[in-house]
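Q: Following this message is one structure expressed as structure tokens.
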Amino acid sequence: MSFVQHALGIAWKDLRVELRSREIVYTMTFFAALIVVVFTVSFIRDARSLPNVAPGMLWVAVAFAGTLGVGRAFDRERENDTLRALLLSPAPRLAVFLGKAAAIAALIVAVELVAAPLLALLLDVSLFAQPGVIAAALLGGALGIAVVSTVFAAMLLRTRARDVLLPVILYPILVPLFIAGTRAVGAVLKPVPDLEAARYWLTFLGVYDAVFLVVSLWIFEDLVIE
Amino acid sequence: MRTLLSISLMVGATIAAVGAWQGRADAQPAAPSAEPAAAPAVATEPGAAAEPAAVEPPPTGAPPTTPPAETTSATPLGLKHTCMAAINADQAWTDELLAFAQTKLRYDAHNDEAKLIALNKRHVILAYAVIWLLSVGFLIAMWRRQQALRGQLESLRRELDAAIKGSST
Amino acid sequence: MKQTNSPIVPALGVVATLGILATVWGVFVATPMDRNLFYSQKIFYYHLPNAFMLFLSVFVCGIASIGVLKRRDSKWDDVALAAAELSVLYGAIVLATGSIWARAAWGHWWIWEPRLMSSLVLWLIMVGYVLLRRFAGPGSERLAAGLAVFGMVDVPLIYYGVKQGDAHPQATVVQALTGTMKLTLWGSVLSFFFLFLALLLHRVQVAAAERETRELRERALDAGLFA
């Protein structure tokens, strides 16, 4: 089996486990929807929710729900000590990492598919006037969050207080991603969509993903070693 | 495999970053150059400007009194002339402006400046107090850590002594 | 356990103290008043050196963390932990003085500015590092090392992210300095560098001693010395 097949196999395994129970997808998306609703009733002016906080809401909802899902996905591996088995299997460790990150990215995309339309509906913003830009921003954001949180969740697996520590160390690292994501979405939501700015921030997002993917590739093995 | 993937990703990211950076720089020719070592800079903010505003017509009346486009050019100088013409045409307005400039404005500017300097002195003292408090706090924390370590060593020594005594009897 | 009573740390401490006393005279007596900022410019003589030390300590922590990950040597880990704690101290100083200065010069305690934002996020990462070391239990040094490496990569991205967002008017303060101002500033940087070295070396020694105590106790337990 090749490297890519290993990675795809592990991603497919994770997704199949999830599709059997749908525990994470249901709780994550419902949680993201709740965050959006809480925000829409919290930021109000003149009996209406503020439309210009939509990009921020979107990314906060995705990040919170994503952290929840990642924590649960790795708890599942921990309960039966299956991550150790995965790492001991003949699959290369990087394939394990990439497979898990891909599965988590898929979960986050699922959350975004619920949160973004809900936000557009509740705040009455034309989020999908530029579907290409929004899709690229959501995908790039999901990839970045998935890569970084997979590294941290995997290395926190055997520590105490991991539920608290994961967001504590994850969010500062994700700050550039939030900046780029909110700016890209915000540029599209302007009265006259600023496509040039959107392209700049999408590039920024892509560079962020590439940089952290490379860093993760080089330190993941040293981090999860027994 | 990993090296190949890393190199290709980094090359792609660099090309994308350079392209975006240049596109951005073209769009904003006045973008300031990077100056990472310098501290936050000032001097262009109105709050800290040294010279009080000169006795120019205040901007309050400018936009509404701008006549239709055929009499003015869009340049700032043209707009200024338009405003001045409007002010000169209205004697009461001129008097009001002059009175404001000669009394209130001068006094306020002077007063504000004095206040600012006094306030800044307080800020400087505050900043130094913070620096020393934090440093002393750190030193105390380090000292306490050392005391704890000393205690640990002491207990370890006692336990070792007891263990040796126990094994010899 | 070997005694670590080298004279380097006290000597550095003395040099740093003398230097800082000299800069206090320089800041409050010798340097002229700045023409644009008046008194508030004087914050800068201590703000900038501490900012340098923040980035220096984070850099030391990042390099030592790579050492922890690749070499698996606990000596690297002592350095990384010491530098991380120092960076939390310097980060607090830089943020506090920077915020006070922003209030004095710009009229706001906090603004969306690349250097402020990147220092803040850097500081948050280093606080996360220290929290991780304290609460994550055994094996936390490797996790924390991973975090430090990520953090080191993260900071330039934040800087450029905020910089491209909204251009805030930027003038350079450093280049506008003359004579005694320049001397005071660089004297201050040097003094704080010596202070940083003294604190770092001392903290490394304490960390090493703590680790050795722990290892000795474990060895004694393994050898069955303690019942």
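No value in this document is a laboratory result; all are computed from the given coordinates. Every value quoted in this text rests on a predicted model; they were computed, and no experiment measured them. Note: ideal-geometry Cβ built from the backbone for every residue, glycine included; neighbour counts use all protein chains shown.
Q: Which angle from 0 to 90°, rounded to the nearest 10, does the C-alpha axis of helix C:140-165 make with the longest principal axis of chain C?
A: Approximately 20 degrees, to the nearest 10.
Q: Report the calculated FRET efficiency for A:Ser42 and A:Ser21 (r = Cβ-Cβ distance, R0 = 45 Å), to the nearest 0.05.
A: Numbers: r = 32 Å, r/R0 = 0.71.
After rounding to 0.05, the efficiency reads 0.90.
Q: Along the positive direction of the dipole of segment C:40-86 (beta-carbon charges: Lys, Arg +1; Asp, Glu -1; about the Cα centre), which of C:Ala64, C:Leu86, C:Tyr46 reaches farthest?
A: Of C:Ala64, C:Leu86, C:Tyr46, it is C:Ala64.
Q: Angle, helix A:54-79 long axis vs. longest principal axis of chain A, Cα atoms, 0 to 90°, nearest 10?
A: That helix lies at roughly 20 degrees to the long axis.
Q: Related question: Identify the residues of segment C:60-96 with backbone N under 17 Å of a label point that sits 7 angstrom from the Cα of C:Ile8 along the Cα-to-Cβ direction, or state none.
A: C:60-61, C:64, C:75-83
Q: Would you mind getting the Kirkwood hydrodynamic radius of chain A from its Cα pairs, rounded to one decimal in Å?
A: On the way: mean 1/r = 0.0553 Å⁻¹.
Radius from the Kirkwood sum: 18.1 Å.
Q: Based on Cα positions only, what radius of gyration and what Dmax would you give for chain C, in angstroms?
A: When restricted to the Cα atoms of chain C, Rg and Dmax are 20.4, 73 Å.
Q: Starting from the Cα-Cα distance between B:Ser8 and B:Leu133, subtract it from 0.36 nm times their residue separation and give me the gain in nm to one decimal. Could the numbers behind the result be given before it?
A: Working: separation 125, 0.36 × 125 = 45.00 nm, distance 4.92 nm.
Taking B:Ser8 through B:Leu133 to full extension adds about 40.1 nm, to one decimal.
Q: About the Cα centre, and with charges only on the beta carbon of Lys, Arg (+1) and Asp, Glu (-1), how big is the dipole of chain A? Nearest 20 debye, please. Display every interim value, and only then the final one.
A: Numbers: 18 positive and 17 negative charges, 39 e Å.
Dipole of chain A, to the nearest 20 debye: 180 debye.
Q: Another question, then. Sort C:16-24, C:86-94, A:75-83 by packing, meaning the average of other beta carbons within 10 Å per residue, with the highest value first.
A: Values: C:16-24: 16.8, C:86-94: 25.4, A:75-83: 13.7.
So the order, starting with the most tightly packed, is C:86-94, C:16-24, A:75-83.
Q: Moving on. Where does helix C:114-135 land angle-wise versus the long Cα axis of chain C, in degrees 0 to 90, nearest 10?
A: The two axes meet at around 20 degrees.
Q: Follow-up question, since we're still on this one. How large is the dipole of segment C:72-140 about the Cα centre if only Lys and Arg carry +1 and Asp and Glu carry -1, each at its Cβ, rounded to the nearest 20 debye?
A: Values: 6 positive and 5 negative charges, 20 e Å.
For this selection, approximately 100 debye.
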